[in-house]
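The values are calculated or read from the model by the stated rules, or taken from the named source; none is laboratory data. If you're wondering where the values come from, they're calculated on a predicted model, not measured in any experiment. Cβ atoms come from the backbone with ideal geometry, glycine included; neighbour counts cover every protein chain shown.
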Amino acid sequence: DARVTQTPRHKVTEMGQEVTMRCQPILGHNTVFWYRQTMMQGLELLAYFRNRAPLDDSGMPKDRFSAEMPDATLATLKIQPSEPRDSAVYFCASGSRDRGYGYTFGSGTRLTVV
Amino acid sequence: RKEVEQDPGPFNVPEGATVAFNCTYSNSASQSFFWYRQDCRKEPKLLMSVYSSGNEDGRFTAQLNRASQYISLLIRDSKLSDSATYLCVVKEDGNNRLAFGKGNQVVVIP
């Protein structure tokens, strides 16, 4: 089965440090999402791309978060500087219109900021 | 008001029983609807799409009520392996963005 690959799986970092999370979408999928999941808020959309162009990043704190797709095989989410409230699981998902929008999620990056 | 609302539960269900739960959505322009399943400490996985006429997939039945803006999921003959959180997902037409509910937690008890 094709998979969305996310790295790292777990990350523990100190407040103020930069964090970079990576995602390799499924080959052929042209839409990529970044979601954050916490117990309190559930799944929140941070940003999404179609054909590598950012379409919506309104859910993302702009002062510290940035999302990019340098090429079709890599999406990145950076937090600089990180804060304890950023602790969450960050999911990447990919999909395409041809596949009826059944988006596939990666295993997530579990981030803890201490 | 949240875009997608679900009663978190938990829904404790005896093995073999039937369980049903709903979610409501606020945006009447929403056009596509899904149920995702999420196991503890795992990623969400697509369970089924929800069609206007209602649809079944084995023991799972999904219904859509546009007039009242709610979606339902029914699980028949519950198995222990059905224990998970079921996420209601809504997508607006022309917009790829998926809005997730917080999920209905189902615990199937032997």
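Output the number of the condition that B:Ile75 fails; it satisfies all remaining conditions of (1) under 27 Å from A:Ser107 (Cα atoms); (2) at pLDDT below 95.
It fails just one condition, (2).
Residue-wise test of (1) more than 15 Å from A:Gly106 (Cα to Cα); (2) more than 10 Å from chain B (Cβ to nearest Cβ).
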site: A:Thr13; (1), (2): yes, yes
site: A:Met21; (1), (2): no, yes
site: A:His29; (1), (2): no, yes
site: A:Arg36; (1), (2): no, yes
site: A:Leu45; (1), (2): no, no
site: A:Arg52; (1), (2): yes, yes
site: A:Asp57; (1), (2): yes, yes
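Can you pull out every residue in region B:17-46 that is within 10 Å of chain A (Cβ to nearest Cβ) and either modelled with pLDDT of 90 or more or at positive phi (or both)?
Within region B:17-46, B:Phe34, B:Tyr36, B:Gln38, B:Arg41, B:Lys42, B:Glu43, B:Pro44, B:Lys45, B:Leu46 meet the criteria.
For region A:88-114, how many residues meet the condition of being surrounded by 17 or more Cβ atoms within 10 Å (Cβ to Cβ), assigned to a loop (DSSP other than H, G, I, E, B) and modelled with pLDDT of 95 or more? Please lay out each step first, then the result.
Applying the first criterion (surrounded by 17 or more Cβ atoms within 10 Å (Cβ to Cβ)) to region A:88-114 yields A:88-96, A:101, A:103-109, A:111, A:113.
Okay, now just the ones that are also assigned to a loop (DSSP other than H, G, I, E, B), so A:96, A:101, A:103, A:106-108.
From what is left, the residues that are modelled with pLDDT of 95 or more are A:106-108.
Within region A:88-114, residues that are surrounded by 17 or more Cβ atoms within 10 Å (Cβ to Cβ), assigned to a loop (DSSP other than H, G, I, E, B) and modelled with pLDDT of 95 or more number 3.
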